[in-house]
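Undergrad: Please read through the structure below; I'll follow up with questions.
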Amino acid sequence: MTDPLERRVRAYHRTPTTAAEANNEDVALSMHLALEGPDGFVPLFDDYGVFFARVAETPAASGTSEEILRSLVDPHLFRLADGGFGVVATRVARGGAPDGTERSSVLVATSPDMLAYTEIGLLDLGVTDGVHRPAARYDEADGAYLLSWVDDAGVERRTSVADLADAATVGPVEEGAVAGLEHGAPLSVPAEVARGLEVRFGPIVNTGARPLPAVEVAVGGALGAGDLPARLTLDYSDGSAGSLAIAWDADAIAAVDTSVPGTHEVAGRVRQTVYPTPFADERADPSVYRFDFNGTQTFLMIATKDLHMDPVSNSGEPVGMPIRMADRIEDLSDEALEAGRVTEVDLLVHGSLDADGNPMTGCFWAPEIHLIDGTLSILFMPSYGEPTDMWSGRASIVQLRKDEHGNHLDPTVPEHWTAARHVVRADGSALNGIQGISLDMTYLEDSGTHYYAWQMLGSVFIATMDPADPTRLTSEPVRIIAPEFAWDNLIAEGPNVLARDGRLYLLYSGSTVGDSYTTGLATAAAGEGVDLTDPAAWTRLTHPIQKSGPFNGEMQLGTGHGMWSEDEDGNLLYVFHARTDHKGLTGRDMFVRRVHFASDGMPVLDMETEEELLPALRDVTVRVVVA
């Protein structure tokens, strides 16, 4: 290693293999980073790409098309004149074929911290015989960037450029290399930049726990579990903190004699529920909702039936919109279903009539549970026709009826729900006037304004709505996320929003629904009255927040369509689906995870069991002083 105040970073692309290895062309042909450590360079982000080339042009109103998608090869890192970081690379078509720009140009991007990149665009070097294996560095003496590359014949070429965004500042092209400039050479970065890379793209692990404060009880007083610390505060390797609830041993509490002064130790165990994997087979686009059922805490689960990757007709098995209800999240699982601790009911089935009297024949896609204007509601997409035509699907809503006292009826009884109604524009027309289909609708509220966000035309749209009339928008739909990178490629869907610490975190999913499905993230200010229908209000990560990769020793594939939720202890949950062949089935299965927030404010959606809590910290004790 170099100076301890600096560490080296290496940029590269990979040779594509398969989506099952999280290394298909869309992933491999991007910039990957490896950070130098005591034993050499270690790939970051499970060797997944962190910088991807943008589309060649802004996606059309009808969505992103194959021909505008791009990838990159041969990235090279260098320092900018202002102290930031630059990238030069060769841009290629999706899949790696030449796109024509490599004849004359290099792709240029900049970053202040190597965590997020702004693509400047293509810099034309004024040649026509190929630009390959580019490299660059800033020359203070000349006040310009020196660029080198090899042409189609393998001849080394060089030039200088004063402004990376202005081809008019490119100097004469000469034959020969730039002394000391080697394509792909590691770049030394300050320790704080290296640390930021580790936080964003490396594992974050539990390193310890805060001491539990002693509990004092007056002589003759009572002692119960509520008098003991409720949670254990945990410290993590990135400087962040978290906590988990503690289950105190009832017998140990009862054994404390409060009739006389003394000191006692009470044992407990940290509650770190490890949910079944998968949690539910063939249940895609899952939603878990913590529901105050007329004063009783309960949990609802709803999902898309997805036998063998067929959400339209469920591979010939009965189609429907399945719901489960239990007092604990664990009791929503397939294990609980098989043990008889929970039942599953289809709220809608093939042939159920919507509010207009039309039979819904399938799909019942991506149901989400929300409380809208105090009424439990489900947003989903039913489809029509015989056989079912997915493209006939429309974003719709059903709502749970209440009794004469304003109490919700039992949500597991199909007859307690209203007939499905389509969500339409303010003028009553269909949401999607081009293709018809609209789906993956979610609901959010910020600063007193209510919104729907959903997928149509392969992109995420948003509009305002009035909770008193949840079937009609109150503003025109606006596209806020279109697929722009090879990792999300042709679709951005499944939006779901969390408000936390002054930020809105919008999850969405991209790529296809198979092994390459991937989760993205966009953020916006919360509680500040920002107009969320303005695309400029949203800041989007240019790399995934969750992707296929290893988890707890196994490969997880096709992660996506995730939703924020909450468990019994108030822990934030992420509920999503991934591809497995569990029980010989081949659809998308449901998973449940707790969420950790890193020191940079980003959610960690795949913290492994022993990364979340050191095994040595699972058992705890607290000192009880009777005085």
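The values are calculated or read from the model by the stated rules, or taken from the named source; none is laboratory data. Every value quoted in this text rests on a predicted model; they were computed, and no experiment measured them. Please note: Cβ atoms are built from the backbone with ideal geometry, for glycine as well, and neighbour counts cover all protein chains shown. Heavy atoms of the whole protein, side chains included, go into the accessibility calculation; ligands, DNA and RNA do not. Shrake-Rupley method; radii C 1.70, N 1.55, O 1.52, S 1.80 Å.
Undergrad: Once you have a ≥ b ≥ c as the square roots of the Cα gyration tensor eigenvalues for segment 274-379, tell me rounded if a/c is under 1.5, and otherwise prolate or oblate according to whether a/b is larger than b/c.
TA: Working: a/c = 2.09, a/b = 1.17, b/c = 1.79.
It comes out oblate by the Cα gyration axes.
Undergrad: Note down the accessible area of Arg195, probe 1.4 Å, to the nearest 10 Å².
TA: Approximately 100 Å² of Arg195 is accessible to the 1.4 Å probe.
Undergrad: Then there is this: Under 5 Å between amide hydrogens, which residues at least 5 positions from Gly121 or on another chain qualify, with H placed 1.01 Å from N in the peptide plane?
TA: Here the answer is Val108, since their amide H atoms fall under 5 Å of that of Gly121.
Undergrad: Could I have the simple spin-label model distance between Glu610 and Glu67, label points 7 Å from Cα toward Cβ, reported in nm to one decimal?
TA: The answer from the label model is 5.3 nm.
Undergrad: Per 10 Å bin from zero, what fraction in whole % of the C-alpha pairs of segment 422-516 is there, up to the bin with the longest pair?
TA: P(r) for segment 422-516, in whole percents per bin: 16, 47, 29, 7, 0.
Undergrad: Then there's this: Take segment 309-462, drop everything but the C-alpha atoms, weight them equally and run the Debye formula without solvent; then report log10 I(q)/I(0) at 0.20 Å⁻¹ to two decimals.
TA: Each listed q maps to, in turn, -1.38.
Undergrad: Next question, about the same structure. Quote the relative contact order of segment 1-89 in percent (integer), defining contacts as alpha-carbon pairs under 8 Å separated by 6+ residues.
TA: Once divided by the residue count of segment 1-89, the mean separation gives 25 percent.
Undergrad: Once fully extended, how much extra length lies between Asp403 and Val219, figured as 0.36 nm per residue of separation less the alpha-carbon to alpha-carbon distance?
TA: Stretched out fully, the Asp403 to Val219 stretch lengthens by 61.3 nm.
Undergrad: From the residues Val288, Ser315, Leu337, which one has its Cα farthest along the dipole of segment 276-342 in the positive direction, the dipole being from +1 and -1 charges on Cβ of Lys/Arg and Asp/Glu about the Cα centre?
TA: Farthest towards the positive end: Val288.
Undergrad: Round to a whole angstrom and tell me the spacing of the C-alpha centers of segment 412-442 and segment 2-80.
TA: Each part's Cα centre sits 39 Å from the other's.
Undergrad: Computed FRET efficiency, Cβ-Cβ of Val413 and Glu386, R0 25 Å: what is it to the nearest 0.05?
TA: Approximately 0.35, to the nearest 0.05.
Undergrad: Quick one: Karplus J couplings for segment 403-410, per residue in order, coefficients 6.51, -1.76, 1.60, θ = phi - 60°, nearest Hz, x for Gly and Pro?
TA: With coefficients 6.51, -1.76 and 1.60, one gets 7, 5, 9, x, 8, 4, 7, 4 Hz.
Undergrad: Given C-alpha coordinates of segment 1-78, what is the ratio Rg to Rh with the Kirkwood estimate of Rh?
TA: 1.10
Undergrad: Explain nothing, just the number: dipole magnitude of segment 1-71 about its Cα centre with +1 on each Lys and Arg Cβ and -1 on each Asp and Glu Cβ, in debye rounded to the nearest 20.
TA: 160 debye
Undergrad: Sticking with this one: Need one word for segment 1-148: rounded, prolate or oblate. Basis is the Cα gyration tensor (sqrt eigenvalues a ≥ b ≥ c); a/c below 1.5 gives rounded, then a/b vs b/c decides. Intermediate results must be reported in sequence, preceding the final value.
TA: Numbers: a/c = 1.86, a/b = 1.17, b/c = 1.58.
Here segment 1-148 falls in the oblate category.
Undergrad: By how many nm would the segment from Thr18 to Thr118 lengthen if fully extended, with 0.36 nm per residue of separation less the alpha-carbon distance?
TA: 33.2 nm
Undergrad: Then there is this: Picking from Ala135, Ala81, Val55, whose Cα lies most toward the positive end of the charge dipole for segment 30-153 (charges on Cβ: Lys, Arg +1; Asp, Glu -1)?
TA: Checked the options; the winner is Val55.
Undergrad: Specify which residue in the list Thr169, Gly202, Ala153 is farthest towards the positive end of the charge dipole of segment 117-276, using unit charges on the beta carbon of Lys, Arg (+1) and Asp, Glu (-1), about the Cα centre.
TA: The listed residue farthest towards the positive side: Gly202.
Undergrad: How big is segment 149-204 along each principal axis, measuring the range of its Cα positions in Å and listing the largest first?
TA: 47, 26, 20
Undergrad: If you don't mind, another one. Roughly speaking, what % of Cα-Cα pairs in segment 222-301 are separated by over 18 Å, rounded to a whole number? Intermediate results must be reported in sequence, preceding the final value.
TA: Working: 2097 of 3160 pairs.
For segment 222-301, the share of Cα pairs beyond 18 Å comes to 66 percent.
Undergrad: Still on this structure, I have one more. Mind checking the dipole of the chain: about its Cα centre, +1 per Lys or Arg Cβ, -1 per Asp or Glu Cβ, Debye to the nearest 20?
TA: It comes to approximately 220 debye.
Undergrad: Right, here's the next one. When all C-alpha to C-alpha distances in segment 184-337 are sorted into bins of 10 Å, what percent of pairs does each bin hold, rounded to whole numbers?
TA: Taking every Cα pair in segment 184-337, the percentages come to 8, 20, 21, 23, 17, 8, 2, 0.
Undergrad: By how many nm would the segment from Val478 to Thr110 lengthen if fully extended, with 0.36 nm per residue of separation less the alpha-carbon distance?
TA: 129.6 nm
Undergrad: If contacts are Cα pairs under 8 angstrom and at least 6 residues apart, what is the relative contact order of the chain in percent?
TA: Relative CO of the chain lands at 13 percent.
Undergrad: While we're on this one: What is the set of long-range amide H partners of Leu33 at a cut-off below 5 Å, with H atoms built 1.01 Å from backbone N?
TA: The list, which skips near neighbours in sequence, is Leu44, Val50.
Undergrad: Now a separate question. Dipole size in debye (nearest 20) for segment 505-584 around its Cα centre, Lys and Arg Cβ +1, Asp and Glu Cβ -1?
TA: Working: 4 positive and 10 negative charges, 89 e Å.
So the dipole magnitude of segment 505-584 works out to roughly 420 debye.
Undergrad: Normalised by the residues of segment 65-138, what does the relative contact order come to in percent, with Cα pairs under 8 Å and at least six apart?
TA: Here the relative contact order equals 32 percent.
Undergrad: Please calculate how many Å² of accessible area segment 61-135 carries per residue, with a 1.4 Å probe and no DNA, RNA or ligand atoms counted.
TA: Here the per-residue accessible area is 34 Å².
Undergrad: Just to verify a number: FRET efficiency for Asp142 and Asp534, C-beta to C-beta distance, R0 = 35 Å, to 0.05?
TA: The pair Asp142/Asp534 has a calculated efficiency of 0.25.
Undergrad: Taking only Cα atoms, what is the 0 to 90° angle, nearest 10, from helix 191-201's long axis to the longest principal axis of the chain?
TA: Computed tilt is about 50 degrees.
Undergrad: Another one. How long are the semi-axes of the ellipsoid equivalent to segment 543-609, from square roots of 5 times the Cα gyration tensor eigenvalues, in whole Å, largest first?
TA: Values: eigenvalues 94, 41, 23 Å².
Output for segment 543-609: semi-axes of 22, 14, 11 Å.
Undergrad: Right, here's the next one. In nm, to one decimal, how far is the Gln435 label point from the Ala525 one, both placed 7 Å along Cα→Cβ?
TA: Computed distance between label sites Gln435 and Ala525 equals 3.4 nm.
Undergrad: I've got another one for you. Let me know the shape class of segment 503-627, please: from the alpha-carbon gyration tensor, a ≥ b ≥ c as square roots of the eigenvalues, rounded when a/c is under 1.5, otherwise prolate if a/b is greater than b/c, or oblate.
TA: Oblate shape, in that a/c is at least 1.5 and b/c is the bigger or equal ratio.
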